[in-house]
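See structure below.
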Amino acid sequence: MANEIIDFIKSVPPVTRIFLLGTIGATFGGLLNVIPTSLVVNYWPWTIYKLQIWRPVTAFFVVMGADPMSKLMEIYMLYTYGKDLEMEKFRGFTADYIYFVIFVGGVIAALNFLTNGVAYVAPLLVAFTYTWSQYNPERMVSFYFGIMFKAKYLPAFVLAFKLLIEGQGSFLISVTGFAAAYLYQHLETAGGPGRPSSWLQTPRWLKSLLPGAWSPTTGLTTDSRNIHRSFGSAYYPPATGNGNSRLNTSSRSTGASTEHNTNTSFRWGRGHRLGD
């Protein structure tokens, strides 16, 4: 059992793995009174005047709410959409994905200075679902109670659920995630297809720290085009369409109710008959 858990953790891409372990640790630590929740949520006055500068970061691992099952569902959805973004939209560009998280996270933290939000998993989840839905607009997804609809409506359903179940305060905090993701998308397409705004240029120092690609079998590699597997190497051609300069595969997920139908394109060499 322990080995299976370790193997599962190793199979999760690195950025998503940090969020998965961090949210689980903060959630169960709070439920067991091991980690005081008041120590990791973000109170801006304490962050600024008491120099408790870790709070804007740790707040992205805190799931608010009284119902443990709702907390687990939110963690699962954050894992699902975060993994899909890391393995699809940002496949082979780990540094770019980290910069995406930093960008939307910074906007979320800044906007919640106005809303007095102290925990940021909910708005980050909305940001992930919005960005994911923009690259899977016609995908059918299943939400709570088995409701089926196209993925492009998923962020609206998540926000409506927040408003109806958790109230106006939670809704306003979650809207900051929508605003952050919308701003990112606007800047990504500001200069036309494949020409994002200079605000979205990943710093060179971040790229130099991280190799380009990741695979569950070999970990990080230095060539973003080649994902090595136990039975050979797969070559992923450059992305086309959607105005996205990063690699884009046809693998898709339904999110809250997930299905994976991977149909990745490869470039094959010329065939030769035996003996030629």
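Numbers below:
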read-out: Residue identified as buried (at least 22 other Cβ atoms within 10 Å of the Cβ) and farther than 24 Å from ASP7 by Cβ among LYS50, LYS89; value: LYS89
read-out: Residue ranges of helices (runs of 4 or more DSSP H) in the stretch 139-231 with at least 2 members on the phi < 0 side of the Ramachandran plot and modelled with pLDDT of 90 or more; value: 154-161, 168-188
read-out: Every residue from the stretch 23-51 that is in a loop (DSSP other than H, G, I, E, B) and among the polar types (S, T, N, Q); value: ASN33, ASN42
read-out: Residue list for the stretch 102-116, restricted to those being small (Gly, Ala, Ser) and either at positive phi or in contact with a Leu (Cβ under 9 Å, 6 or more places away or on another chain) (or both); value: GLY105
read-out: Of the criteria (1) touching a Lys or Arg at 6+ places or on another chain (Cβ under 8 Å); (2) assigned to a helix (DSSP H, G or I), which one LEU78 fails; value: (1)
read-out: Test: ALA119 is within 22 Å of VAL63 (Cα to Cα), under 19 Å from the mean Cα position of the chain (by Cα) and not in a helix (DSSP H, G or I); value: yes
read-out: Single match in LEU163, LEU172, LEU187 (criterion: closer than 18 Å to VAL121 by Cβ and without any contact (Cβ under 8 Å) to a residue 40 or more places away in the chain); value: LEU163
read-out: Enumeration of residues in the stretch 25-38 that are surrounded by 12 or more Cβ atoms within 10 Å (Cβ to Cβ) and closer than 24 Å to ALA110 by Cα; value: ALA26, THR27, THR37
read-out: Flag if LYS10 is surrounded by fewer than 17 Cβ atoms within 10 Å (Cβ to Cβ) and free of Cβ contacts under 8 Å to residues at least 24 places away in the same chain; value: no
read-out: Failed criterion for ALA66 (all others in (1) exposed (fewer than 15 other Cβ atoms within 10 Å of the Cβ); (2) at pLDDT below 95; (3) part of a helix (DSSP H, G or I); (4) among the aliphatic types (A, V, I, L, M) hold); value: (3)
read-out: Unique residue being surrounded by 23 or more Cβ atoms within 10 Å (Cβ to Cβ) and in contact with a helix residue (DSSP H, G or I) (Cβ under 8 Å, 6 or more places away or on another chain) when the list is GLY177, GLY105; value: GLY177
read-out: Subset of the stretch 1-36 (residues that are of a type in the set (S, T, N, Q) and at pLDDT 90 or above); value: THR16, THR23
read-out: Verdict on VAL107 being under 11 Å from the mean Cα position of the chain (by Cα) and in a helix (DSSP H, G or I); value: no
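The values are calculated or read from the model by the stated rules, or taken from the named source; none is laboratory data. Since we're looking at a predicted model, the values are computed, not measured. As a convention, Cβ positions derive from the backbone with ideal geometry for all residues, glycine included, and neighbour counts pool all protein chains shown.
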